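Below: one structure, written as structure tokens.
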Amino acid sequence: MDSKEIMDKDKEFFIQGYARVPIVLTEGNGAILKDIEGKEYIDCFAGISVSNVGHAHKRLVKAGTEQMSKLLHTSGRFYNIPQTKLVEKIAEITPGDLKYTYLCNSGTEAVENAVKLVKKYSVSKGKTGAGMIALECSFHGRLGYALSLTGQAKYKKGFGTYANAPGVVHAPVPYSYRSKLPEDEFGTEAALAVEAIIDRHTSGDVAAFIMEPILGEGGILVPPDTYFETLTKILKERDIPFISDEVQTGIGRTGKMLAGDYWNLEPDLMTLAKGLGGGMPIGAAVATSKIAASVESGDFFSTYGGNPVCSAIALENISIVEDENLMDNANKIGKVFFDGLEDLMKKFKLIGDVRGKGLMIGIELVKDQQTKIPAADEAKNIVNVLKNSGVILGLGGIYGNVLRLQPPLCISEEQALSVLEKLSNAFDKL
Ligand SMILES: Cc1ncc(COP(=O)(O)O)c(C=O)c1O
């Protein structure tokens with residue numbers, strides 16, 4: 001079969017709930033992907049920030065096949081060895097009092113379970129647990145409560161009250177690019193806006209505040225340092241638990257194991273998925289002992305959660321990130337990209353902002369560097385030109401104008417330079 005036949009067949013039987021890049025992928029190796037016609041691409045999106053150790057990593061394949069040949073599935077009813085080892089490892093890599101992990105199957109589920117945990121905790125303390133604060137421009141999933149927490153209208157349209165659970169309030173996002181305030185001041189102001197939301201829009205009975213330490217789908221938005229200084233103080237004063245959604249930023253992506261490590265965040269709950277499983281469907285909600293203590297037997301269950309194959313691969317995946325110094329490589333190659341992009345920014349007025357950490361990089365395109373009017377069509381165009389020249393880029397941002405560079409963390413300098421050259425050619429063409 002060729003790609004056209006596959007795409008036509010897919011249209012016949014698959015619910016077309018999202019637009020796809022017209023490529024049928026068949027193989028991968030490191031940071032390289034191959035399509036059904038044999039064309040190679042440098043992967044700069046890693047399956048949306050998932051394949052952090054690279055495609056077809058031999059150690060991942062071995063861990064998975066060995067476990068699969070022994071036992072593929074147990075259900076959550078039984079103990080299994082990889083699951084226990086994995087939750088122990090997660091406790092080791094997560095900060096502060098985070099210790100207890102609940103395993104599930106995706107990022108959305110991780111968020112749902114974190115919400116359920118914190119609601120139970122809130123009720124166990126005699127509160128209602130009614131309120132939840134999230135950020136505008138955030139993304140936490142497209143189902144259930146996670147969709148309500150997501151702060152972007154485009155994901156909610158057409159779903160009525162399903163997309164807006166009562167009690168969820170959104171605070172302004174710390175997205176400084178269009179602010180006239182100095183970065184530090186902007187960060188403090190944005191955190192104070194959360195305080196105002198709590199005090200003016202809720203009864204004070206807030207089960208939790210949730211945010212991505214670097215917002216991914218919203219356009220790789222890195223809050224100023226002052227934001228977290230003020231925010232954590234406000235939450236502590238009001239005894240509001242902090243859920244850090246590290247689904248997209250976690251497991252080495254930003255050059256540290258967790259993005260929150262840049263600000264020494266010690267959240268009360270953390271969600272992980274994507275980079276945790278290196279491509280296997282796994283999610284985790286990690287809680288402090290205090291929050292986990294409110295759980296009673298029967299509160300949670302998942303048939304597949306903690307599946308031994310997913311757990312064995314996730315465990316090996318974290319070890320590879322550590323053993324192969326992939327966080328160092330993320331910082332090293334991240335710098336190659338940042339330096340190259342800074343040069344491109346001087347040359348091309350279309351590039352308004354370059355931001356991120358490690359190998360989580362956003363390039364915001366604007367009609368003009370002064371007016372900062374978003375250039376969404378141009379961004380789409382660049383992604384398309386790059387695809388044709390053999391590079392897969394991500395696209396995001398609330399205006400759809402942010403190119404996202406989130407390659408496997410094993411990407412080489414030579415590959416990064418090739419991506420920069422192709423980007424430069426594409427901007428030249430535009
Ligand atoms: C921060 C964050 N949370 C949650 C999710 C939802 O994850 P999933 O698509 O695995 O359900 C995503 C997905 O992009 C995400 O970026």
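The values are calculated or read from the model by the stated rules, or taken from the named source; none is laboratory data. Keep in mind that what you see is a predicted model, and the values were worked out from it rather than measured. Don't worry about glycine lacking a Cβ; one is built from the backbone with ideal geometry, like all the others, and counts go over all protein chains shown.
Brief remarks follow.
- Filter result (within 18 Å of MET211 (Cα to Cα) and either not in a helix (DSSP H, G or I) or not assigned by TED's automatic domain parsing to the domain that holds PRO241 (or both)) within region 116-134: GLY129, ALA130, GLY131, MET132, ILE133, ALA134
- One residue alone among ILE398, ILE411 is touching a residue at least 60 places away in the same chain (Cβ under 8 Å), surrounded by fewer than 24 Cβ atoms within 10 Å (Cβ to Cβ) and of a type outside the set (Ser, Thr, Tyr), and that residue is ILE398.
- Selection status of ILE81, away from the ligand (no atom under 16 Å from the Cβ), at pLDDT 95 or above and in contact with a strand residue (DSSP E or B) (Cβ under 9 Å, 6 or more places away or on another chain): no
For (1) touching a strand residue (DSSP E or B) at 6+ places or on another chain (Cβ under 6 Å); (2) at positive phi; (3) modelled with pLDDT of 95 or more, each residue gets a yes or a no:
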position	(1), (2), (3)
SER69	no, no, yes
SER75	no, yes, yes
GLU88	no, no, yes
GLY96	no, yes, yes
ALA110	yes, no, yes
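- All told, PRO22 falls short of being surrounded by fewer than 23 Cβ atoms within 10 Å (Cβ to Cβ), more than 16 Å from the ligand (Cβ to nearest atom) and under 21 Å from MET360 (Cβ atoms).
- All of THR230, THR249 fail the test of being of a type in the set (Ser, Thr, Tyr) and either at pLDDT below 95 or within 10 Å of the chain's Cα centre (by Cα) (or both), apart from THR249.
- Number of residues in region 286-304 that are of a type in the set (S, T, N, Q), in contact (Cβ under 8 Å) with a residue 24 or more places away in the chain and away from the ligand (no atom under 16 Å from the Cβ) equals 4.
- Restricting attention to region 91-115 and to residues that are assigned to a loop (DSSP other than H, G, I, E, B) and within 15 Å of the ligand (Cβ to nearest atom), the residue that is surrounded by the fewest Cβ atoms within 10 Å (Cβ to Cβ) turns out to be SER106.
- Scanning region 64-85 for residues that are farther than 12 Å from TYR304 by Cα and of a type in the set (Gly, Ala, Ser) turns up GLY64, SER69.
- ALA46 being hydrophobic (A, V, I, L, M, F, W, C) and surrounded by fewer than 13 Cβ atoms within 10 Å (Cβ to Cβ): no
- Number of positions in region 175-203 that are free of Cβ contacts under 8 Å to residues at least 40 places away in the same chain and not in a helix (DSSP H, G or I): 4
- Total residues in region 286-308 satisfying the condition of being part of a strand (DSSP E or B) and either over 19 Å from ALA273 (Cα atoms) or not hydroxyl-bearing (Ser, Thr, Tyr) (or both): the figure is 2.
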